[in-house]
Amino acid sequence: MLKGWKPEDKSIDKATQEMIRKAEKEGIETIWDRLKAQLPQCGYGQLGVCCRICMQGPCRIDPFGNGPQKGVCGATAETIVARNLVRAIAAGAAGHSDHGRHVVLALKETLEHGAPYPIKDEKKLKDVAKKLGVPVEGRKAEEIAKDLVEIALGDFSKQDEEIIKFADAYANEKRKEVWKKTGVAPRNIDREIVEAMHRTTMGVDHDPLSLVAHGIKTSIADGWGGSLIATEFQDILFGTPKIGKGEANLGVLKEDYVNIVIHGHEPVLSEKIIEAAQDPELIELAKKYGAKGINAVGMCCTGLELLMRHGTPIAGNYLQQELAIVTGAVEAMVVDVQCIMPSLVDVARCFHTKIIDTSSLATFPGAVHVKFDEMRADEIAREIVRIAVENFPNRNKDKVQIPKGKSEAIGGFSVEAILEALGGTLKPLEEAIISGKIRGVVGIVGCNNAKIRHNHNHIVLTDELIKNDILIIGTGCWATACAEHGIFLPEYAEKAGEGLKSVCKALGIPPALNMGSCVDCSRMLVLADLMARDLGVDISDLPLAGSAPEAMTEKAVCIGTYFVASGILTHLGIVPPTVGSVEVTKLLTKDAMNIVGGAFYVEPDPIKAAKTLIDHIESKRKALGI
Ligand code: XCC
Ligand code: SF4
């Protein structure tokens, strides 16, 4: 937990500290105040041994053996912990996969009813089609897209027992063998999520092993299904990210501009807002109100989507959302789904800021509701930007304080962009790994967590690993953290070990690569899979590891689980609510290694974690004989 609760204990970032101080001075409640008010948090909840699944509960198991060892129905700690875990995985998978579905439906609406989402990247369309066995020769992009839409929607609806088509097409044979043998090959994305809910409802599955196995299956439906579909269809619609420059941190807000912060996850909306913010008519209007123009910036994962594709500045990650408003310079914060604090509305009340909710799934009491509709996307985006512009005169200049802190960052490392940088194949990277210049690769993902000093674990772990010649790839709030701290600059390679430094210098790349938003963790799977294919081994044989050093959401639980299911040792920087069950803990941290070739490893100290990840990578190298 945070040591002295001072601004510098809450975040390692100066701009963030400055805004925490401003909030404190002005008496604005932020996430840290609410965390403090929650302490001490419930010990049963932390261990995962409380059950509220039926109305005979809530039941709890006494971890010290001095109280009840069974719930009213007879459920043990093992069952309760496993059920809670599986529900968390299902919720995480639902978030990513429903996002994926929305992107596919946007394309479908375009093909069938002329929604304004034309195919931007025909090459990607064809590449995806080829992978899935859809004919491309002599066919129009629209025809190919129609087939792809059908296959993707089929993965959400088919009722046979076969593995989903996307996982089947993208995962190599060795990995699929493991899944089939263990019975965790997902059949249908929605079905696995529904079955997770069914299995965990009162009086159904009580065996921690079969429960966890289903959790693994559901997570694969996300990583190699829903998330992967989200990434691939977004690339088709909005373009595959290319290496390019951007800027990150609260300092991207501009004093004399209309500032619009686009926060959430689904680029189907944010892509349109970015366009609308460039509309000459709206810029003219902004000038009429005394602003120099419109400054649209991103936040959280939707911000990363924009940064990856357009170099749009990103104002921050999860723990900075309230603080962006505290600058007093935000005319509108536009939100869609996921990781959006309901408290934003309260913070906004202290200023002129308007919170605009846009998703029919996510309504925020007290916000302005402008619900999104693909068919009217352009019109709605303009309406949203107009609301922001017209709010500019309401800004109280005396309350404005924008921290200077921001950093440049290179991003856009899609698998395609990496391949291009390497000259078309992964060979140069693989050779660097085989020769030992690069010892291995760690994929870092996920969130901020108010219980962990903001960005601290991300940066310390990344620094420690690159020092030891480990190349880092990653997504999500980790990526924003690195962008803010200058890690995504080629010159940061100076801080890397000699081997990694030489490779980075030769290629002109930073020692850590931004692969995008959380659904883009699928890009990491594709990269690992490519490498495994090239070397003729399974992903679990490669010198790889994963980490979520500041994990927070159910989505992070799901991502961690599908990393494990893909054969990757995965570190968690926060103790998950599963330790109340000896059996589930053993399953996740030990037995899984023998079953799927990956397991979880929990360690709050990032330096100690780095050491274990390095040891793991060295043991994999040894086994490969390199
Ligand atoms: Fe959310 Fe995606 Fe986690 Fe950040 S990393 S806190 S999930 S914004 Ni996706
Ligand atoms: Fe209690 Fe069992 Fe109901 Fe859970 S399912 S609340 S353990 S009676």
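If you go through region 371-419, how many residues are under 30 Å from Val526 (Cβ atoms) and of a type outside the set (Asp, Glu)?
Adding up the residues that qualify gives 13.
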Can you tell me which residues in region 571-610 are without any contact (Cβ under 8 Å) to a residue 12 or more places away in the chain and among the charged types (D, E, K, R)?
Lys586, Lys590, Asp591, Asp605, Lys608
Quick test for you: out of Gly225, Gly154, pick the one residue that is touching a residue at least 40 places away in the same chain (Cβ under 8 Å) and at negative phi.
Gly225
Of the residues in region 44-75, how many are away from ligand 2 (no atom under 13 Å from the Cβ), open to solvent by less than 40 Å² (accessible area, probe 1.4 Å) and not in a loop (DSSP other than H, G, I, E, B)?
1
Restricting region 419-434 to residues that are of a type in the set (Gly, Ala, Ser) and in contact (Cβ under 8 Å) with a residue 40 or more places away in the chain, which is nearest to Leu535 (Cα to Cα)?
Ala432
Could you tell me which of the residues Ala129, Ala167 is buried (at least 18 other Cβ atoms within 10 Å of the Cβ), more than 16 Å from ligand 2 (Cβ to nearest atom), outside any loop (DSSP other than H, G, I, E, B) and within 22 Å of the chain's Cα centre (by Cα)?
Ala167
Condition check: of a type in the set (Lys, Arg) and part of a helix (DSSP H, G or I). Does Lys287 satisfy that?
yes
Region 1-38: number of residues that are closer than 21 Å to Asp346 by Cβ, among the aliphatic types (A, V, I, L, M) and open to solvent by less than 70 Å² (accessible area, probe 1.4 Å)
6
Tell me the residue from Leu471, Leu530, Leu429 that is away from ligand 1 (no atom under 13 Å from the Cβ), outside any helix (DSSP H, G or I) and of a type outside the set (S, T, N, Q), please.
Leu471
Identify, from the list Ala93, Ala82, the residue that is within 16 Å of ligand 1 (Cβ to nearest atom) and either hydrophobic (A, V, I, L, M, F, W, C) or part of a helix (DSSP H, G or I) (or both).
Ala93
Show the residue pairs that are 6+ apart or on different chains and have beta-carbon atoms under 8 Å apart, the first residue being within region 542-558 and within 10 Å of ligand 1 (Cβ to nearest atom), the second being acidic (Asp, Glu) and open to solvent by 10 Å² or more (accessible area, probe 1.4 Å).
none
Quick one: how many residues across region 444-468 are in a loop (DSSP other than H, G, I, E, B) and of a type outside the set (Gly, Ala, Ser)?
9
Sort out which residues of region 383-395 are surrounded by fewer than 19 Cβ atoms within 10 Å (Cβ to Cβ) and either out of contact with any strand residue (DSSP E or B) (no Cβ under 9 Å at 6 or more places or on another chain) or of a type in the set (Lys, Arg) (or both), and write them in order of number.
Glu383, Arg386, Pro393
Within region 396-420, tally of residues that are part of a helix (DSSP H, G or I), in contact with a helix residue (DSSP H, G or I) (Cβ under 8 Å, 6 or more places away or on another chain) and open to solvent by 50 Å² or more (accessible area, probe 1.4 Å):
1
Give me the residue from region 315-336 that is part of a helix (DSSP H, G or I) and among the hydrophobic types (A, V, I, L, M, F, W, C) and, out of that set, nearest to ligand 2 (Cβ to nearest atom).
Leu319
Need at least 2 residues that are within 17 Å of the chain's Cα centre (by Cα) per element, so show me which helices (runs of 4 or more DSSP H) inside region 538-626 make the cut, counting only ones lying wholly within it.
554-565
Has region 83-91 got any residue that is within 14 Å of ligand 2 (Cβ to nearest atom), at positive phi and either at pLDDT 95 or above or under 19 Å from the mean Cα position of the chain (by Cα) (or both)?
no
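The values are calculated or read from the model by the stated rules, or taken from the named source; none is laboratory data. In this text the structure is predicted, and so the values were computed from the model without any measurement. Neighbour counts are summed over all protein chains in view; Cβ atoms, including those assigned to glycine, are modelled from backbone coordinates with ideal geometry. The protein model used for the area step is the full one, side chains on, heavy atoms only, and it has no ligands, DNA or RNA in it. Shrake-Rupley method; radii C 1.70, N 1.55, O 1.52, S 1.80 Å.
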